[in-house]
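The values are calculated or read from the model by the stated rules, or taken from the named source; none is laboratory data. All values reported here derive from a predicted model rather than from experimental measurement. Here the Cβ positions follow ideal geometry from the backbone for every residue, glycine too, while neighbour counts run over all protein chains shown. Ligands, DNA and RNA are stripped out before the accessible areas are found, and what is left, the full protein with its side chains, is counted by its heavy atoms. Shrake-Rupley method; radii C 1.70, N 1.55, O 1.52, S 1.80 Å.
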Amino acid sequence: NICKNYLADINEIHVCIPIIIGGNVGGVVQFVCGKRDVCNISEIEKKISRAQQYIREAQPVLEAKRLMKTLKESSVRDTLTGLYNRRFIEESYEGLCSRILRRGSTLGLLMCDIDYFKQTNDTYGHDVGDVVLRETANVVRQCVRESDVVIRFGGEEILVLLLDTKPEDPVLVAEKIRSKVEAMKVSITGDLIQKTISIGVSELPTDTQNFWEAIKFADVALYKAKELGRNRVVRFSPEMWQDNKY
């Protein structure tokens, strides 16, 4: 019972062959021969030999594909937070928006900004600021679904794309994020830091069918949240766009 991937009757003769990729088990080839009184040992040994030869020949290809995937992933990930970066959204927004519009669904956009973040860096140093940003990113990620997209948009700004939501649901998600961040306590040497977050919300196609304009609208709503005192969620409205300050 050494093969953890074996799911059938343990009394059957079975052989599991690991596929080693990058020093780790990247997959398992499993052979089930049957009960001991019906298993043809010589026949399964031939199959195992052929499988091992195939695995040896396939491993360089699998290694190369794994490396390419890793390089691709690293190019669209922010190293500090593990969130997607702006390059990711620049490469994928067209397909994402076309699918939303084709399904007649809603894309919620939340532009989040940690309140008084510069003050944290100035008081405690950039290393502590990095910890606060990383912990905030984790909280945001935990508040949304796996299918949603969380991006470090720049500095302490985090953009959340809520896929296939109902209209006005993005405001509820934003409020959940806001309250969770407010309750977050970041432990540093001899002290605890608590921060708040301001969030601007827009929706595509409710507010616009242009993706970058929807981001701008969320950003406008974020500035309004800052103006109203921070630590709040503000839904974009056309009146905000008409104000020349934004």
Problem set entry | Complete set of residues in the range 102-131 that are aliphatic (A, V, I, L, M) and closer than 22 Å to Gly200 by Cα | Leu107, Leu109, Leu110, Met111, Ile114
Problem set entry | Criterion: of a type in the set (Asp, Glu) and in a strand (DSSP E or B) - qualifying residue of Glu213, Glu182, Glu203 | Glu203
Problem set entry | Residues that are touching a residue at least 60 places away in the same chain (Cβ under 8 Å), open to solvent by 10 Å² or more (accessible area, probe 1.4 Å) and either in a helix (DSSP H, G or I) or charged (D, E, K, R) (or both), drawn from the range 107-121 | Asp113, Phe117
Exercise. Which ones in the range 186-200 are over 21 Å from Val233 (Cβ atoms) and either modelled with pLDDT of 95 or more or of a type in the set (A, V, I, L, M) (or both)?
Worked result: Val186, Ile188, Leu192, Ile193
Problem set entry | Unmet criterion (only one of (1) open to solvent by less than 70 Å² (accessible area, probe 1.4 Å); (2) among the hydrophobic types (A, V, I, L, M, F, W, C); (3) over 25 Å from Glu91 (Cα atoms)) for Leu172 | (1)
For this session: Test Phe153 against the stated conditions and say whether it is aromatic (Phe, Trp, Tyr), in contact with a Phe, Trp or Tyr (Cβ under 8 Å, 6 or more places away or on another chain) and in contact (Cβ under 8 Å) with a residue 60 or more places away in the chain.
Result: no
For this session: Name the one entry in Val186, Val173, Val234 that is of a type in the set (Val, Ile, Thr), farther than 22 Å from Asn138 by Cβ and touching a strand residue (DSSP E or B) at 6+ places or on another chain (Cβ under 8 Å).
Result: Val234
Problem set entry | Residue in the range 38-76 that is modelled with the lowest pLDDT, counting only those that are outside any helix (DSSP H, G or I) and either open to solvent by 90 Å² or more (accessible area, probe 1.4 Å) or under 30 Å from Arg87 (Cα atoms) (or both) | Val38
Exercise. With respect to Lys224, is the statement that it is crowded, with 20+ Cβ neighbours inside 10 Å, in a loop (DSSP other than H, G, I, E, B) and touching a residue at least 12 places away in the same chain (Cβ under 8 Å) true?
Worked result: no
For this session: Just give me the residues in the range 78-93 being small (Gly, Ala, Ser) and at negative phi, in sequence order.
Result: Ser92
Exercise. What pairs can you find where one residue is in the range 174-187 and within 17 Å of Thr120 (Cα to Cα), the other is aliphatic (A, V, I, L, M) and open to solvent by 50 Å² or more (accessible area, probe 1.4 Å), and their Cβ atoms are less than 8 Å apart, with a gap of 6+ or different chains?
Worked result: Lys185/Leu192; Val186/Leu192
